[in-house]
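Working notes for the structure below.
The values are calculated or read from the model by the stated rules, or taken from the named source; none is laboratory data. Just so it is clear, the structure is predicted and the values come from calculations on it, not from any experiment. Please note: Cβ atoms are built from the backbone with ideal geometry, for glycine as well, and neighbour counts cover all protein chains shown. Surface accessibility is based on the protein's heavy atoms, side chains included, excluding ligands, DNA and RNA. Shrake-Rupley method; radii C 1.70, N 1.55, O 1.52, S 1.80 Å.
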Amino acid sequence: MTDKIYAVPEAWRNEARVDAEKYAELYRRSVADPDGFWGEQAQRIEWIAPFTRVKEVSFDTHNVAIEWFGDGSTNVAMNCIDRHLPHRADQVAIIWEGDDPSLSRHITYRELHEQVCRFANVLKAHGVRKGDRVTIYLPMIPEAAYAMLACARIGAVHSVVFGGFSPDALAGRIEDAQSDVVITADEGVRGGRKSPLKDNVDAALEKVSAKTVIVVTRTGAKVDMKPGRDFRYEDEAKKVPEDCPYAEVGAEDPLFILYTSGSTGKPKGVLHTTGGYLVHAALTHELVFDYREGDVYWCTADVGWVTGHSYIVYGPLANGATTLMFEGVPNYPTVSRFWEVIDKHKVDIFYTAPTAIRALMGAGEEPVKKTSRKSVRLLGSVGEPINPEAWEWYHRVVGEGRCPIVDTWWQTETGGILIAPLPGATALKPGSASKPFFGVQPEIVDANGNVLEGACEGNLVIADSWPGQARTVFGDHERFVQTYFTAYPGKYFTGDGCRRDADGYYWITGRVDDVINVSGHRLGTAEIESALVAHEKVAEAAVVGFPHAIKGQGIYAYVTLMGGVEPSERLRKELVDFVRKEISAIASPDVIQFAPGLPKTRSGKIMRRILRKIAENEFGALGDTSTLADPSVVDDLIKNRPAG
Ligand code: ATP
Ligand code: MG
């Protein structure tokens with residue numbers, strides 16, 4: 001895709017916790033002796049009962065069973081809070097930045113402890129016991145973190161549902177998790193707009209049942225309260241004691257269920273457990289982001305996604321970090337908001353998604369350049385392949401050429417980062433997630449399951465377990481086995497396509513379903529999209545295959561233009577030629593549809609499954625669209641689909 005390499009900057013090399021040599025040495029050890037490596041790493045958290053066994057795993061299709069530190073016990077909230085109190089009670093644990101730029105709060109570890117204990121006692125008072133599922137449907141307010149940690153404290157299992165989801169999507173998740181308790185807020189606030197969270201819960205509970213709804217006040221809006229079912233959090237908190245001892249929780253007891261974002265179909269209730277998950281989240285947070293004592297760390301994800309779980313709440317807090325939680329959106333009140341927040345709170349480490357970077361790139365450099373960003377040392381990316389064009393812009397404009405970018409590949413199912421550079425060790429190639437993290441054994445296989453060697457392209461599998469791996473799909477172990485362990489028996493199948501170059505760097509080419517076969521040539525959608533986005537007039541692109549009489553599959557590209565650029569026949573031709581030149585004639589699009597917007601999941605990922613249906617002229621079979629951020633985009637695409 002690009003031959004560019006950015007060497008590790010000298011200052012980073014000199015200060016590196018893990019340099020290139022140490023990475024190679026530790027990596028070798030981590031795969032040769034996982035018990036030794038992870039047994040040591042697990043000492044970074046505090047255990048109640050120490051474990052004597054480390055890894056007990058079977059990927060055998062007839063008996064998939066995954067256990068780490070199985071006979072140990074601990075408590076995640078204790079590790080994220082109590083353990084830090086002797087030396088960091090007055091340190092800020094959470095910086096909360098409101099949607100309205102005039103609102104922010106600093107919550108110390110002492111205050112976090114008080115708040116989480118109260119919340120835990122409220123849950124207990126409402127009958128929540130170890131193992132019970134609690135649905136959390138909250139906006140990005142500190143109470144979301146309190147509620148998650150309160151569940152962890154008493155051994156309850158949380159299922160966080162993104163606050164942007166519809167009542168239907170919420171109902172499905174409450175029912176699937178068999179959750180009796182729902183925690184919500186009166187309203188959420190994002191981008192200056194209010195969303196009726198409590199009303200949505202009421203609508204969801206007309207379809208499915210729950211015994212108790214706890215309502216946190218965010219805006220003070222008047223909401224219906226159903227007697228006997230609905231309780232105001234603030235009233236309940238006054239009735240309970242302020243201290244709540246943490247429960248002893250088995251390493252393999254569940255910590256949370258999280259439904260995948262639904263880009264490819266019906267969301268799965270991915271189940272994560274306690275000990276291994278926390279070790280993995282904390283270690284990756286420290287090493288991939290080079291987190292250092294005193295850093296202000298900001299991940300812009302929502303707690304409704306796994307990124308928010310592992311890299312806003314659990315990883316950073318387990319490391320005693322200061323983690324920033326942002327209620328708003330990148331373009332409110334202006335497109336400078338991210339950079340203004342960085343300056344306001346002196347953020348050292350900034351972690352966001354390609355969708356946000358591309359959108360901000362479309363607004364030009366000026367809104368970035370008018371801010372300082374001097375505090376930032378490291379940038380991160382997650383969620384989709386980051387096309388080299390966006391990577392370069394992020395690096396040059398946002399990071400002023402001085403900040404390494406860690407492109408982190410992982411999934412809801414992996415619990416934490418599996419492939420990413422370590423900033424003091426790994427030279428960067430724009431668009432590549434680079435090298436596996438410790439203990440992670442990626443392999444590339446062809447359709448028949450043959451393991452490919454050297455530089456190659458195929459499907460990405462992971463040959464052995466890692467501590468943060470999901471253990472099952474809640475209530476449906478068979479689906480877990482079917483989805484991840486049957487395509488390539490004995491290996492975890494990621495569902496992603498991947499290329500490995502001669503230097504051993506991994507390049508995610510998109511989901512396997514998105515690979516297009518043109519006249520026998522396999523083309524990753526990510527590569528064609530990157531070529532389109534490299535054109536100066538293109539802001540965003542999504543590419544899918546469609547049936548083609550001669551080639552087998554043709555290439556259909558949806559293109560969003562930069563602000564101020566008008567679509568034209570000439571531009572269409574120019575783009576086709578451009579891709580031909582950038583990649584090859586085989587990759588040149590058969591159809592280009594100019595689209596003002598693309599259908600995205602609430603986490604900002606392009607839903608290619610819908611684009612495929614439109615390209616195939618099958619408007620009636622769009623499938624589940626309940627996780628779409630803006631369904632009206634789809635109508636526009638159908639209306640303006642070019643004939644043919
Ligand atoms: P579903 O599984 O329901 O279709 P989803 O896969 O979008 O939803 P997530 O677990 O949030 O849900 O996303 C993981 C996927 O996101 C990966 O499998 C990969 O396709 C993509 N991804 C995440 N990070 C990166 C990255 N750094 N580079 C390339 N792709 C990435
Ligand atoms: Mg997935």
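General observations
- Identification of strands (runs of 3 or more DSSP E) wholly contained in segment 207-292 with 2 or more residues that are away from ligand 1 (no atom under 16 Å from the Cβ) yields 212-216, 230-232, 254-259.
- Pairs where the first residue, in segment 148-159, is on the phi > 0 side of the Ramachandran plot and the second is charged (D, E, K, R) and in a helix (DSSP H, G or I), C-beta under 7 Å, 6+ apart: none
- Looking only at residues of segment 188-213 that are of a type in the set (A, V, I, L, M, F, W, C) and out of contact with any strand residue (DSSP E or B) (no Cβ under 7 Å at 6 or more places or on another chain), we find that the one that is least open to solvent (accessible area, probe 1.4 Å) is Ala204.
- Test: residue in segment 365-373 that is over 30 Å from Gln91 (Cα atoms), of a type outside the set (Phe, Trp, Tyr) and not in a helix (DSSP H, G or I): yes
- If only residues of segment 595-611 that are of a type in the set (Gly, Ala, Ser) and modelled with pLDDT under 90 are counted, the one that is farthest from ligand 1 (Cβ to nearest atom) is Gly604.
- The single condition from (1) assigned to a strand (DSSP E or B); (2) more than 16 Å from ligand 2 (Cβ to nearest atom); (3) among the hydrophobic types (A, V, I, L, M, F, W, C); (4) in contact with an Asp or Glu (Cβ under 7 Å, 6 or more places away or on another chain) that Leu379 fails is (4).
- Exactly one residue out of Ala251, Ala237, Ala177 is open to solvent by less than 20 Å² (accessible area, probe 1.4 Å) and over 19 Å from Ala147 (Cα atoms): that is Ala251.
- Hits in segment 497-534 - residues which are open to solvent by less than 10 Å² (accessible area, probe 1.4 Å) and part of a loop (DSSP other than H, G, I, E, B): Gly524
- Residues in segment 409-454 that are among the hydrophobic types (A, V, I, L, M, F, W, C), assigned to a strand (DSSP E or B) and away from ligand 2 (no atom under 16 Å from the Cβ): Leu428, Ile444, Val445, Val451.
- Count of residues meeting criterion [touching a Lys or Arg at 6+ places or on another chain (Cβ under 9 Å) and among the basic types (Lys, Arg)] in segment 327-343: 0
- Close contacts from segment 105-125, counting a first residue that is within 16 Å of Pro86 (Cα to Cα) and modelled with pLDDT of 95 or more and a second that is buried (at least 23 other Cβ atoms within 10 Å of the Cβ) and of a type in the set (Val, Ile, Thr), with Cβ to Cβ under 7 Å and a gap of 6+ residues or different chains, come to Tyr109/Ile81; Leu112/Ile81; Leu112/Ile94; His113/Ile81.
- Selection within segment 291-317 - under 10 Å from the mean Cα position of the chain (by Cα) and either of a type in the set (Lys, Arg) or farther than 19 Å from His106 by Cβ (or both): Ala301, Asp302, Gly304, Trp305, Val306, Thr307, Gly308, His309, Ser310, Tyr311
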